[in-house]
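The values are calculated or read from the model by the stated rules, or taken from the named source; none is laboratory data. Since we're looking at a predicted model, the values are computed, not measured. Cβ placement follows ideal geometry from the backbone for every residue including glycine, while neighbour counts extend to all protein chains displayed. These area figures cover heavy atoms from the full protein model, side chains too; ligands, DNA and RNA do not enter into them. Shrake-Rupley method; radii C 1.70, N 1.55, O 1.52, S 1.80 Å.
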Amino acid sequence: MGKRIIVAGAGHGGIAAAYILAQRGFDVTVYERKKREDLGYDWTDIFDKKGFTACGMDIPSRELYNLKHDMTFYGPSFSTALRQHTPEDQLEIQMERKDIYEHLISHALSKGVKFEFETEVKAPILFGNRVVGIKTEKGDIYGDLIIDAAGINSPVRTQLPPSLGIQNRVKEYEQFYVYRGFYNKTAEADENNFKVLLLYENKLGINWIATEEDHTDVLIGRFEPINMDEVNETLESLRKINDSIGTELLRGGQFVNIPVRQPLGILVADGYAAVGDSAFMTVPIIGSGIANSLKAAAILADAVCADKNMSYSAETLWEYQKNFYKKMGSGLAPLACIKLMLTRLKGSELDYIFDNGILNADDMTIGADSTSLAAMVSGMGLDDIKIKLKGLIKNKDVLKKVVRMGKEIVAATAVTAAMPKSYNRKKALKWVKSYNGCFKH
């Protein structure tokens, strides 16, 4: 085809898009600052394996993954435990992050995708309002389309001009600061071997303790930066309530930032498209985004191939924007409203919600692949609704916060539905201002 596509960063969605586009005849190169062997955190990830089939890849060999355990959720008082009950045919897979990357890269290489590892992307190159290339530590590189898969703090997206309407930086309560380590297991777990602790010690965040066969997986997450001193304090506290956590760090021990917010409002510009964490495609409540990124990659590749004139303008790439929001984004946005409501709750209010059935095990049975509010409320019966309403009416503070969330969900749903059907910069800028305005803490 003669058109050169650059993928900035080896994010999951970027590699998947590269694979599909190379398969369809495009010249695609991925530029990544790390070595190939250094890609992927030293831990496992949980996601829906159908993400692979969505972008035309084989599902990995069965020996490379396990099925995910159901999680059990606790409020600060531990007075009520809500255990998921995911049907076996809907269980997500748990797979080593490095094996995920190896699977993606091997598929991409088999179709002719070129990889330039140890090449750090520094910034976009613009000609007017068109992105025409990337600046790297090894020099300037030009292409007909730049796919941004460089992560939450992408050096491409964060340096685009405001005139494009693409949000550069994440804001407060839009990202999760996470520490995760695998420790030696010092005791067997009870039946709830995957515990998720919400607002533990009344700190705004999430911890989990997953007791596996040969280790205990500990995650400590906050909405503000944390350091190793805070991690060690939390670990000591967690060991007092769970004796399976040893003191020897076996793997991991890394700090990462995860987007937990609504998807990026405008995904495209002339010569540019964002995918994966660079476009904030995680499920806002749980932070998982691998399956969403792979599915979005297929949507992006279809839009690129549909551009018969190969202009890769904002007008033609808007098909990607529309179809992503139609299939995924319009469902993720309301979940961001629920996440914001949870950040406003006091510990005592969350305990009240758990103890009085306002949230129950059915509500917590949400997978990393869920992309709509409907996934959380499907199957809710009249009796369940009555229990929730009865509990809300008895607590005015909780009711007030839930009502506010409801209004925000209605607004976010209406705004996403009103997204322009075709690209016009003035209309797009007006729309994205309304969209971003729906999500305020």
- [ ] For region 38-112, evaluate the Debye formula with one uniform point scatterer on each Cα (no solvent term) and list log10 I(q)/I(0) at q = 0.14, 0.18 Å⁻¹, rounded to two decimals.
- [x] -0.57, -0.80
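Write down the accessible area per residue of the chain in Å², having rolled a 1.4 Å probe over the full set of protein chains.
Heavy-atom accessible area per residue stands at 42 Å².
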Open item on the list: For a bin width of 5 Å, list the pair-distance distribution of region 231-372 built from all Cα-Cα distances, rounded to whole %.
Closed with: 2, 9, 14, 14, 13, 14, 12, 8, 6, 4, 3, 1, 0
- [ ] Mind checking which of Gly265, Tyr423, Thr86 is farthest towards the positive end of the chain's charge dipole, using Cβ charges of +1 (Lys, Arg) and -1 (Asp, Glu) about the Cα centre?
- [x] Tyr423
Open item on the list: Below 12 Å, Cα to Cα, which aspartates and glutamates can Lys35 reach? Residues fewer than 8 away in the same chain don't count.
Closed with: Glu116, Glu118, Glu120
Open item on the list: Given a 1.4 angstrom probe, I'd like the percentage of the accessible area of the chain that is carbon and sulfur, rounded to a whole number.
Closed with: 51 percent
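Rg to Rh ratio, region 118-274, alpha-carbon atoms and Kirkwood radius?
On the way: Rg = 20.5 Å, Rh = 18.2 Å.
When Rh is taken as the Kirkwood radius, the ratio is 1.13.
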Task: CD proxy at 222 nm, helix term only [per DSSP H run n ≥ 4: -39500 (n - 2.57); per residue of the chain; nearest 500] - done: -10500 deg cm²/dmol
Open item on the list: Explain nothing, just compute: Karplus ³J(HN,Hα) = 6.51 cos²θ - 1.76 cosθ + 1.60, θ = phi - 60°, for every residue of region 95-109 in order, whole Hz, x for Gly and Pro.
Closed with: 9, 4, 4, 5, 5, 4, 4, 4, 5, 5, 5, 4, 4, 5, 4
Task: Partner aspartates and glutamates for Lys327 [C-alpha distance under 18 Å; skip if fewer than 8 residues away on the same chain] - done: Asp48, Asp277, Asp302, Glu319, Asp369
TODO: Treating each Cα of region 4-74 as an identical point scatterer and ignoring solvent, apply the Debye formula and state log10 I(q)/I(0) at q = 0.13, 0.25 Å⁻¹.
DONE: -0.52, -1.25
Open item on the list: Number of Lys pairs in region 84-144 with C-alpha atoms less than 20 angstrom apart, excluding same-chain neighbours closer than eight positions?
Closed with: 6
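Could you tell me which of the pairs Lys401/Lys421; Lys49/Lys386; Lys50/Lys440; Lys3/Lys322 are separated by over 28 angstrom between their Cα atoms in the structure shown?
Over 28 Å apart, Cα to Cα: Lys401/Lys421; Lys49/Lys386; Lys50/Lys440.
Could you order the peptides 149-158, 320-329 from most to least packed, using the average number of other C-beta atoms within 10 Å per residue?
Peptide ranking by packing, descending: 149-158, 320-329.
Ranked highest first by the average count of other Cβ atoms within 10 Å around their residues, in what order do 74-80, 333-339, 294-300, 249-255 fall? Write down the numbers at each step before the final one.
Working: 74-80: 17.3, 333-339: 23.1, 294-300: 28.0, 249-255: 15.0.
The packing order, highest mean first, is 294-300, 333-339, 74-80, 249-255.
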Open item on the list: With only alpha-carbon pairs counted, each pair once and no self-pairs, how large is the Kirkwood hydrodynamic radius of the chain in angstroms?
Closed with: 22.6 Å
- [ ] Order these peptides, 110-119, 59-68, by their mean beta-carbon neighbour count within 10 angstrom, highest first.
- [x] 110-119, 59-68
Open item on the list: Between Asp397, Asp99, Asp270, where does the largest GNM mean-square fluctuation fall for the chain, given springs only between Cα atoms within less than 10 Å?
Closed with: Asp397
TODO: Kindly write out, for region 276-291 in residue order, the coupling ³J(HN,Hα) from the Karplus curve 6.51 cos²θ - 1.76 cosθ + 1.60 (θ = phi - 60°), rounded to whole Hz, with x marking Gly and Pro.
DONE: x, 4, 5, 9, 6, 9, 6, 6, x, 6, 10, x, 8, x, 5, 4
- [ ] Using the Karplus curve 6.51 cos²θ - 1.76 cosθ + 1.60 with θ = phi - 60°, work out ³J(HN,Hα) for each residue of region 405-417 in order, rounded to whole Hz, and write x for Gly and Pro.
- [x] 4, x, 5, 5, 5, 4, 5, 5, 5, 5, 5, 4, 5
TODO: May I ask you to list the residues of region 117-146 whose amide nitrogen lies under 14 Å from a point 7 Å from Cα along the Cα→beta-carbon direction of Met310?
DONE: 143-145
- [ ] Could you point to the residue in Gly437, Gly143, Leu350 farthest towards the positive end of the chain's charge dipole, with +1 and -1 charges on the Cβ of Lys/Arg and Asp/Glu respectively?
- [x] Gly437
